[in-house]
Every structure is written in structure tokens, then in C-alpha cells.
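Take a look at the structure set out below.
Every number in this text was worked out from the coordinates using simple rules, so none of it is lab data. Note that this is a predicted model, so its numbers are computed, not measured. Note that we place each Cβ from the backbone using ideal geometry, even for glycine, and neighbour counts take in every protein chain shown.
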Amino acid sequence: MSPSIIVVQLLSGLAKAMVLFLIASGLSLIFGVTRVVNFAHGSLYMLAAYLTYSLTAALPFGAASFYVSVLAAAVAVGLVGLVIEVGLLRRVYKAPELYQLLLTFALVLVISDVVKLAWGSENKTGPSAPGLAGSVPIAGQLFPTYDLALIVFGPLVALALWWLFYRTRWGVLIRAATQDREMVAALGVDQARLFTAVFALGSALAGLGGALQVPRQPLTIVMDTSIITEAFVVVVIGGMGSVPGALLAAVMIGVIEAFGVLVLPKATLVMTFAVMAIVLIVRPWGLLGRPESQGRGAGGAIASTSAVPVPRAAIVALLAALVALPPLLPTFHVWVLVEILAFALFAASLHLLMGTGGMVSFGHAASFGLGAYGAALLMKLAGVTMPVAFVAAPVVAAACALVIGFFCVRLSSIYFAMLTLAFAQIAYAIVHQWYDVTGGDNGLLGVWPARWLATPLRYYYLALVACVAGIALLGVIGRAPFGLVLRAARDHARRAEAVGVNVRRHQWLAFVIAGFFGGLAGATFVFLKGSAFPDYFSVPRSVEPLVMVLLGGVQAPAGAPLGAAIYKILDTVATKYTEYWQMVLGVILVTLVLAFPRGVIGVLRRG
Amino acid sequence: MLELRDVHAVYGRSHVLHGISLTARAGEVVSLLGRNGAGKSTTLKAIVGLVEVTRGTITLGERSLRGLPTHAISRAGIGWVPEDRRIFGDLTVRENLLVGEAGARRWSLDRLYALFPQLRALAGQPGGSLSGGEQQMLTIARTLMTSPRLLLLDEPSEGLAPVVVKALAENIATLKREGLTILLSEQNLAFARRLADRAYIIEKGEIKFEGPFATLDAQPEIRRAYLSVG
């Protein structure tokens, strides 16, 4: 590698880092003060980019139009953030924290379709920045002037934020609230106003990042999901709630990515997440973060009421219907039922972790994908028969969960969630980039059930037996002494330790069990579809079971399958009737969260 | 000035206060005595709206406080100094004080530094680096910045060395002389006696005794039953 390449790569890494810093600092700020994990942050970034694109064309200020548009887009997106906080999030601050996450996920769906509706799905090439459009020679290579400008601008924003946080009373309040919100309120500060302002500021920073990105890369309707994962990585490495940490981590990730392309072009995706995993394992609170104060873990946030069992008669009736009805249904509906069964098991396996164990995973898709790819690869590479692959796939997933869980259960609450996300992303990256074995984004095709199982009804009954047995076993595990210990550890890990429970070992085992059944769900799904794709490991696939569990009600094991059924039916119906099904689904989710902030089953039980 | 009447409160699903009634008149220092877990802290938290009050009334002067958000209770004139101090460790001493700056501004940084001279020298230090005694001074000073009419002090002497406790008692006595009304929760009877005009004793979420210290001294069995030895 010549020195000139090194210099240029370093600079281009730094330019990318500045955009990353803008979006990540906003995300970190919002989390630090309001404890909301804002999945919609990437959507705000995307919205600002498209706004900049259109405003630049529409405004009559000549060369200045672009710069005016950047500011206007950032302000507009800040206002959108304000409306989101006041109109939606504020209504659910009293509900368990995860319901806010559910709301922001619904917003991701809605904003994604709004952008598609307003701007169409073709990629758009943004305007270049007037005056900064050319290149300058650096170390004998041409380097974009705009990127140089970004490298100057990023630290200026960092400086402005520093001034705000360290030189104004408002900044003092924000830093105080990041540490202890309750105490800030007890000193007479109105939290509601503080939260609104912080959410608006954080959103505006995302907007600024999105707007400034416009001259660098084409606009796509998937730029929200790609940036949000990167932003999470930066926030987690830097430390949740730490803006200086976001800057440090953004530079790290930007530079690592820039050089990764040169050194290991095939492993770029893996590298970022591997760095995140290593940082979390070595420094669980991130580089500049600090430990959560006691008793505010994600687990505590979903403290459950005692489970009242669902009436036996209802279960028997449901099972009887599931056995008797399918022969009368059209094939399409049978397929939908299989999908619901697979996701019901998938959600139930996550429920063991997050409901019973208080361990909220953002990466449960790893088990699903490992089950699916495990089955597919066992058939394709090892040549085993389908029934063997079906049975062995969950074992593959469990074996991987054994390794992943070893690291993850060392952390708790949001850091546990983020480490699981990192591992799921590593798995995603491997599957995506290891063409020779996994087929990359072409996926693995022709993964069909054995001949004697290959009719819709026969496969349905196999899925029914596998998934119902899985859900039932998970229920038994949750109620067994093992499940009670998990709950004790969830409600108070230290006290559980004090009475002699090895909390970590129990949580580790729960992780493996959840991995096993998540794998079984993946195997069920892969033989339904006949193919496996990298998106089985993707973040949205991890969020889906989370949404299902929350939708059904985290406090009861029966909530997970119920939520899965509701979600999948909504999904199927919406997809059938409109191209903009994400928006419909998102709006329904928002309505459900506002109407049932404790999940559907909580309401059923009370009613 | 402050009046609690038949206050019941819950923590999650456990009922922790069972009909607390107490009053603090303007300019008075009233002590709330009791063992660990008797309900002292919970009573104070109920006043500032940090635990759920299910029954009863809480009034400051003419104004009902029950159900108000915590920041509004603070602005109404209640200054709560929590037991565990809850200093903002990353903020400097001066910044800790600025968080409370609002309202009538009867207290300024200069007046507070005059009352707690150590804090002036520490103004630029992070709050987290202070000793226990210094943190206790800071947490009281921080609450005073909100210009409260009534101060709720939750076990200020806990865990402090005797010489520090003595200095603290002098500070609190100064506040009393300035006419501040104080509700002082304590386990340390000697400390409370030095400052308070009268005492309540709380046990298992109920008031078991009410009266001046002389009456308490005349009934040693009450002291034995509800207070720790010493």
C-alpha cells in the first residue's frame, strides 16, 4: 500500500465518520436523556436527504439553494421529531420502555412508505454542493473537495455541541438528566419539556447528517435501515448517551471501514460488527459510556404481573381448529398458517429470553437464520436427508447460541441487546459475503421438504406438530423451577446471586434454549419457502418477534404466539391490498400501542 | 404549612404507607424517626410525588400537592434532599448547583458558598470526586438553589464521621434560624434532638408517636419498641 493511498483512504474514512457522527450523536443524546432507543432515527436521516434533494431543485437562490436546503431540511426534520415526541412518545413514557421502541419501529415502516409515496422507489442522484463540487490533489491523488469540507465541518458541529452541553444551563440540565432524570425533576425541571427539546435536537442532528450526505451518495429508499445499524454500532462503541464517545467511535468506524475495503474487501461488513463485539466484551459500557445505575435494566422495565393461565378450553378449541380446519382451506391460507406457526414459535422462543429472563435481544434473527441456513447447508453440502436436516438445524442454532450466549450474558439491558445485534449482524455479513458456501445475496434455493412431506397439508401438519410442541415445551420451561430462577434473576440479579443462584449460567442456558427453538422456527420456515436468504439474519427480522411479543403482551407466555398471529395476519392482509402495506401496518401498530400499552393479552385478561 | 392526612402509598404491588398524618408548621423543624424500612424515605418520596399515593391528602399551605408532577411540587416550594444524595457525578459542583437554579432565587451561589465554604473551593471539581460529607453539603446546597419554603432532609447524618455530622448540624441550625421549615427524617436520635422541635415516630408505615422530645424521653418503652438502640 503506497503512502498516498493511505492518506486518501484515511481522509475518505474521516469524511464518512463526520456524517456518522452527526446521526449517532443525535441517537445517543436521545437515548441518554429519554432512554428511548429510536429505531426511527435512520428514517429521519433519510427524510432529510430527500427533502434536501427536492428543496435544492425548488428553491430560487441559485448556488445558495443547496445550503439553504440543508439547513431547512435539518430544521424540518427536527420539527418532525418534536411532533413525534409530543404526539406519540409522550403518551407511552409510563408504559414499559420497550413500548417506545415498538412505536419508533412503527414509525420506520410509516416513514419508509411516505418516502416511497412522495419520491418513488428509483435511486436519485443528489445535487452537488456548489463551490465544493470538484476535487483537490492530495498526495498525488484526487480527493473530493466536498469530503474535505465535511472533515472541517464535523468538528465544528462537535464544538458547537460541546459549547451547548458545557457552557449553557440547558446543556447542564441535559447532562444531569442523562445521569438521573428523577433527581432533575425533583429540582424543579420539567422533564416533559426537556425530553421534547432533546428529541427535536437529536432529530435535527440526524437530519443534518442526512442532508449533508446528499452530494456524496445516491438516495435510496433503503438508506434508513443501512444507516441505523451503523449508527447503533457507533453509539454502542462510544457509549450510550455519550456525545464525545459518538465522535470517537464514528472516527474509528469510518477509518476502519475505509481501510477494510483495501485490506479485506470480502470481510468489510463483518469487521465493523466484530469491532463492536470486541469493544462490548472488553468494555461493556462502550469506550466513554458509564454503567447503568442499578435497577434500570431493560429487564426491570418489563416487570411482569403474575401469569394467569389462559383457559384450558380455549387452548383445546384452538388446537382442535388447527387440526381440523386446514383440509377445508385454500392452499394459500394453509401456507399462511405455516408461516404463522413458525413465527409463533420464533416469538415464543424470544419470550423465554425477554419475558421470563428479562434479556431483550435485538439479534434473535441469528437463531432463525442459523436454523434456516443450517437446514439448507446440511442438505446441500452434507447431503443429509430433509427430515434429518429439519431435526439437526435447531441443534446447529443451539450450538452457535452456546458460543454467542457465552459473551452476551455477561452484559445486561441495552448492552446485552446491542451485543446480540452485533452477533446477528456478523452472521448476516458472513452469509452475505461468503458467496462460495452461502450463495451470498442470491441465497440458497431448492430447499424443499422430502417427497412424502411435500404436499401443503402434510407439511402443515409437520409444522403444526413441531411448532406446537416447541411452544408447549417453552411454556413448561418457563413455569419450571428453571423459569422461576430466570424470573428471580430478571427481577433482581444481585439478590438471586445472594441466595446462591448462578445467574449467568441460567441466562446462558436460556439463551441456548431460545436459540434452539428459534432455529426450529427457522427450519420450519425455510422448507415452507424452499429458499434461504441473508435477510433471515437482518435487523428487521430480529425486530419482528420483538414486536410480536410486545404486541401480544410480554407478561404472559401466550402473548407471544397471539402477537405473532396478529402481526402476520395484519401483514398478510395489508400486503394483499396495498403496495403501501408498511404504512398501514405501521399505523395499526401505533394505534395498538396507544390503545393497549400493555399488550393485547393484558387487556383481554382485564376485560 | 405542610400537612399530610391519612396518606396511603404503594410501591409496585406492596402497600408501604398506611395512613400517615403529620404536619410541619412554618419555621418549625420536625423530625421523623424510625428504623430502617419503617417508611421514613417513602413518606418523603410520597410528598414529592415519587411513589404512588393511593389515598389521603398532601397540602402545602392552601395548595394540594397530591398528583402533581415532581417538578411542579418542587416549584411549589418543596425541596427534597434524598437519602442517597444523588449527586450528578459527571457534573462539577457548580454545575450541580445550577441544575436547581430557578424560581424565586432567594439563594444565590454566593450565599450558598457562604453557608458551605468548602463548596466554593470545590466548585470546579466533578461531583463524583467529593467525599461523603462534601456530597451531603452539595446535595443540600443544590436543593436550596430551588429556593424551597420547606426542606425534606432524608437521613442527612447517615454514614458520616462524627466531626462532619457536627458541622452539618450547624449548617442545618443556620437554615432553621433563617426561618426555613424542615422535615428531618433520621435514625440518629441525638442528631434529631439537637435540631428538631418535635418528633414523629414511624413504624411499618404507621405513625406510632407524636410529640416533643421530653414526652418521648418520659416513655422509654416507645423508644425501645420503635427506635434502634443508641
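Which FRET efficiency value, to the nearest 0.05, do you get for A:Tyr93 and A:Asp491 by plugging their Cβ-Cβ distance into 1/(1 + (r/R0)^6) with R0 = 30 Å? Can you show the working numbers first?
Values: r = 22 Å, r/R0 = 0.72.
Efficiency, rounded to the nearest 0.05: 0.85.
Could you list which residues have their amide H under 5 Å from that of A:Gly363, counting only those 5 or more apart in sequence or on another chain, with H placed in the peptide plane?
Amide H neighbours of A:Gly363, under 5 Å, 5+ apart: A:Leu421.
Working from Cα positions, state the angle (0 to 90°, nearest 10) between the long axis of helix A:539-552 and the longest principal axis of chain A.
Value to nearest ten degrees: 60.
Run lengths n ≥ 4 of DSSP H only: what is the helix-derived mean residue ellipticity at 222 nm for chain A, with -39500 (n - 2.57) per run over all residues, to the nearest 500? List each step's numbers first, then the result.
On the way: 26 runs with 435 residues, N = 607.
Rounded to the nearest 500, it is -24000 deg cm²/dmol.
Short version: ³J(HN,Hα) in whole Hz for each residue of the range B:181-194, in order, from phi by Karplus 6.51 cos²θ - 1.76 cosθ + 1.60 (θ = phi - 60°), x for Gly and Pro, what are they?
Running phi through 6.51 cos²θ - 1.76 cosθ + 1.60 with θ = phi - 60° gives 7, 9, 10, 10, 8, 8, 9, 7, 5, 4, 4, 5, 4, 5 Hz.
Distance between Cα centroids, the range A:1-69 to the range A:500-552: provide it in whole Å.
33
Going through the cross-link list A:Lys94/B:Lys204; A:Lys94/A:Lys529; B:Lys45/B:Lys208; A:Lys94/B:Lys45; B:Lys176/B:Lys208, which pairs have a Cα-Cα distance over 30 Å in this structure?
Violating the 30 Å limit, Cα to Cα: A:Lys94/A:Lys529.
What percentages make up the Cα-Cα pair-distance distribution of the range A:419-466 when the bins are 10 Å wide from 0?
The percentages, shortest bin first, are 22, 27, 28, 21, 0.
Going by alpha carbons, how many degrees (0 to 90, nearest 10) lie between the helix axis of B:132-144 and the longest principal axis of chain B?
Result, in degrees: 90.
Just how far, in whole angstrom, is the range A:225-241 from the range B:29-54 if you go by their alpha carbon centroids?
Computed from Cα coordinates, the inter-centre distance equals 41 Å.
Given points 7 Å out from each Cα along the Cα-Cβ axis, report the A:Leu329 to B:Arg66 separation in nanometres with one decimal.
5.3
Spelling out what I want: for every residue of the range A:253-264, take phi, set θ = phi - 60°, compute 6.51 cos²θ - 1.76 cosθ + 1.60 (Karplus), and round to whole Hz; glycine and proline get x.
Using θ = phi - 60°, the values come out as 5, x, 5, 4, 5, 4, 7, x, 4, 6, 7, 10 Hz.
Helix A:365-380 versus the longest principal axis of chain A: what is the Cα-based angle in degrees, 0 to 90, to the nearest 10?
The angle comes out at about 70 degrees.
Step through the residues of the range A:104-109 one at a time and calculate ³J(HN,Hα) from phi using the Karplus curve (6.51 cos²θ - 1.76 cosθ + 1.60, θ = phi - 60°), rounding each to whole Hz and writing x for Gly and Pro.
Calculated HN-Hα couplings, in order: 5, 5, 4, 5, 4, 4 Hz.
For the range A:1-110, divide the Cα radius of gyration by the Kirkwood radius and give the resulting Rg/Rh value with two decimals.
Numbers: Rg = 17.7 Å, Rh = 16.1 Å.
On the Cα set of the range A:1-110, Rg over Rh gives 1.10.
If a paramagnetic tag sat 7 Å from the Cα of A:Ala118 along the Cα-Cβ line, which residues of the range A:41-65 would have the backbone N under 11 Å from that point?
Flagged as within label range: A:44, A:46-55.
Please list, in chain and number order, the residues 5+ apart from A:Ser531 or on another chain whose amide H is under 5 Å from its amide H, with Hs placed from the backbone.
A:Val447
So how far apart, in nm, are the two label points at A:Ala399 and B:Ala123 if each is 7 Å from Cα heading toward Cβ?
The modelled label-to-label distance comes out at 6.7 nm.
Which residues does a label at A:Ala320 reach in the range A:468-494, if reach means a backbone N under 20 Å from a point 7 Å past the Cα toward the Cβ?
Only A:468-469 fall inside the zone, counting backbone N under 20 Å.
Based on the Cβ-Cβ distance from B:Tyr11 to B:Arg35, what FRET efficiency comes out when R0 is 25 Å, to the nearest 0.05? Present the calculation step by step, with values, prior to reporting the outcome.
Details: r = 17 Å, r/R0 = 0.70.
According to the calculation, E is roughly 0.90.
Can you run the Rg to Rh ratio on the range A:331-539? Use alpha carbon positions and the Kirkwood inverse-distance Rh. Don't jump to the answer; show the numbers that get you there.
Numbers: Rg = 17.1 Å, Rh = 17.1 Å.
Looking at the range A:331-539, the ratio lands at 1.00.
Using the scaling law 2.2 N^0.38 Å as the reference, what is the normalised Cα Rg of the range A:15-222? Don't skip to the end; give the middle numbers.
On the way: Rg = 18.1 Å, N = 208, 2.2 N^0.38 = 16.7 Å.
Ratio of Cα Rg to 2.2 N^0.38 Å: 1.08.
Which trypsin sites (Lys or Arg not before Pro) in the range A:29-102 sit in a loop by DSSP (not H, G, I, E or B) and have at most 15 other Cβ atoms within 10 Å of their own Cβ?
Numbers: sites: A:Arg35, A:Arg90, A:Arg91, A:Lys94; in loops: A:Arg35, A:Lys94.
For trypsin sites (Lys or Arg not before Pro) across the range A:29-102 that sit outside H, G, I, E and B with at most 15 neighbouring Cβ atoms in 10 Å, the list reads A:Lys94.
Could you please tell me the mean projected area of the C-alpha convex hull for chain B, averaged over all directions and given in square nanometres to one decimal? Mind dumping the intermediate values first?
On the way: hull surface 47.5 nm².
Average projection, Cα convex hull of chain B: 11.9 nm².
Just how far, in whole angstrom, is the range A:420-445 from the range A:123-153 if you go by their alpha carbon centroids?
Taking the Cα centre of each part, the range A:123-153 and the range A:420-445 sit 33 Å apart.
Would you mind ranking A:Cys467, A:Cys400, A:Cys408 by Cβ crowding within 10 Å, fewest neighbours first? Intermediate results must be reported in sequence, preceding the final value.
Working: A:Cys467 25, A:Cys400 21, A:Cys408 28.
With the sparsest Cβ surroundings first, the list reads A:Cys400, A:Cys467, A:Cys408.
How are the Cα pair distances of the range B:122-230 distributed, in percent, across 10 Å bins from 0?
Once binned at 10 Å, the Cα pair distances of the range B:122-230 give 12, 42, 32, 11, 2.
Round to the nearest 0.05 the FRET efficiency obtained for A:Tyr435 and B:Asp84 when R0 = 60 Å and r is the Cβ-Cβ distance. Intermediate values should be presented prior to the final figure.
Numbers: r = 57 Å, r/R0 = 0.94.
Given R0 = 60 Å and the Cβ-Cβ separation, E is 0.60.
Compute the distribution of all C-alpha to C-alpha distances in the protein assembly as shown, in bins of 10 Å from 0, and list the percent of pairs in each, rounded to whole numbers.
2, 12, 20, 22, 19, 13, 8, 3, 1, 0
Only loop residues by DSSP count here, and only those with at most 13 other Cβ atoms within 10 Å; note down the GluC sites (Glu not before Pro) in the range B:1-61 that meet that.
Working: sites: B:Glu3, B:Glu28, B:Glu52; in loops: B:Glu28.
Within the range B:1-61, no GluC sites (Glu not before Pro) qualify (loop, at most 13 other Cβ atoms within 10 Å).
Once amide H atoms are placed 1.01 Å from N in the peptide plane, what residues at a sequence separation of 5 or more from B:Ser21, or on another chain, have their amide H within under 5 Å of its amide H?
Under 5 Å from the amide H of B:Ser21 lie the amide H atoms of B:Asp6, B:Val7, B:Ile207, each far enough along the sequence or on another chain.
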